[in-house]
1. According to a simple spin-label model (label point 7 Å from Cα along Cα-to-Cβ), what is the distance in nm between LEU246 and TRP220?
2. If contacts are Cα pairs under 8 angstrom and at least 6 residues apart, what is the relative contact order of segment 295-388 in percent?
3. Of ILE410, ILE424, ALA349, which is farthest on the positive side of the dipole of segment 302-457, counting Cα position, with +1 on Lys and Arg Cβ, -1 on Asp and Glu Cβ, and the Cα centre as origin?
4. Output the relative contact order of segment 193-330, whole-number percent, from Cα pairs under 8 angstrom with separation of 6+ residues.
5. Could you tell me which residue out of ILE301, ALA167, ILE187 lies farthest along the dipole of the chain toward its positive end? Charges go on the beta carbon: Lys and Arg +1, Asp and Glu -1, centred on the Cα centre.
6. How high is the relative contact order of the chain, in percent, counting Cα pairs under 8 Å that sit 6 or more residues apart?
7. Using the crude model of +1 on Lys and Arg Cβ and -1 on Asp and Glu Cβ, and no other charge, please compute the dipole size for the chain relative to its Cα centre, in debye to 20.
8. What's the long-distance tail for segment 367-457, i.e. % of Cα pairs beyond 16 Å?
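What follows is calculated from the coordinates using simple rules that are stated; it is not laboratory data. Values in this document were obtained by computation on a predicted structure and should not be read as measured data. Don't worry about glycine lacking a Cβ; one is built from the backbone with ideal geometry, like all the others, and counts go over all protein chains shown.
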Amino acid sequence: MEQTKPQGINQFFDETPVKHLVIKLGIPAMFAQFFNILYSIVDRIFVGRIPEVGDLSLASIGICAPALTAISAFAYMVGVGGASQMSIRLGQKDMEGAKKPVNNAFVMLVCISIAVTALALFFKEPLLYLLGCDDSMYPLASRYFTIYAAGTIFPLLGIGMNHFILAQGFSQAGMISVVIGALTNLILDPILIFVLDMGIEGAAVATVVAQAAMAVFTLWYLRRKKVPIRLEVGGYDFSVMKKIVLVGMMPFLITILDNGVVIILNASLRRYGGLDGTTYITCAAVIQSILTIVSCPAAGITQGCGTLYGYFYGAKETKKLDQTFTYVLWVCLAYIGGLQVLILLFPQAFAGLFLKDAAVMAVCVGCIRRFCLGLVGIAVQYAYVDGLTAMGKVRYALPLSLFRKTLYIILLITMPMFLPVENIFYAGSISDIIGASFTLVMFFSVVRKKLQLEMKQ
């Protein structure tokens, strides 16, 4: 349901049943993120089929992935932090206050992109080797990373500002912006990689152009007169920027920590994998791609519904807030649970999307099965941890997320000391199940009670 007037936003959230709101906002955002992951997935599918250097190119992109994700983390920091402030103000019926985060977020993203691009290019070589690159990978990884880093401004603006479209209930427009980028990448990848024989550089160029297309659409839409809270020039306020950073720092830190996890995983595989170390790193890159297919659409659900968490908290609607947590959890469970079954039943099909070598595929299938046994636990983290973040309750969300991440890191470091290196992939399943259990216990025994007290004040 698209809104055309400021008062229509409040009417939409106040009068529509919560179940319908979750479907209207969460499902389109889920599909938007599904298309968004096509950037990396499509790149890896095509790159893995480059003659003679396909597997090495795939491993090189896997090495670059943490750094590229870290770049995107700034977009989520500003987007989530800003959209959270907007949603809470909307719930409080403060339309003037709801307008402030948009303009400030835009300026922040432009400034951050300039700084990040400069730092990424200047420290490129030591950064890539820190991420686990070796001399055989570096030429390929360097070319891919350089092109991507040069276009940093596009994913930051496209991803970051899209949160403000979703926060106003324009879920379809948010999805369209991502679809435009994904389709652009899908069309350009085979042309640049194979037809023009650009190889891994073609994949990078295709991604940057696609992200630019997404950014242009997003900014154009936020400037339309039909949008209640538009992107405008002026109204910059460092106090607003500070609030955006304080709330958005949670997804930023978690994304950076996720990158640290990938670095530790690659380092452990290289240290304990012996001659098969590169093969295991390639398998890890495939698993990260599969995890992206699972996690990004689930994150899309919570992003699309993020405005509901903030709105109902700001409006002190305790019952509707509880319903939001519940319905979002069920949607996440349905999506992730269904994918987990498919992955465990047909791991060869998922591995075959990225790999051609039969020997590498055989190893990868076993790694996939180990990693995905507890995958459904992620649904709990998205529904509750992301929900708390959308409400600006970082002090509750951060410990819940850090518990799971810390456990995962401990397992990555210790397991290969005592078990064959391939068993390191069980670390994901173990941390997912234990982390989900911890989140549920802490939420219903502690956090929920504190939220209810805050909303009564």
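1. Using points 7 Å along Cα→Cβ, the separation is 3.8 nm.
2. The normalised contact order for segment 295-388 reaches 43 percent.
3. ILE410
4. Relative contact order here is 8 percent.
5. The residue sitting most towards the positive pole is ALA167.
6. Details: 747 pairs, mean separation 108.3, N = 457.
Across the chain, relative contact order equals 24 percent.
7. On the way: 34 positive and 25 negative charges, 348 e Å.
So the magnitude is around 1680 debye.
8. 57 percent
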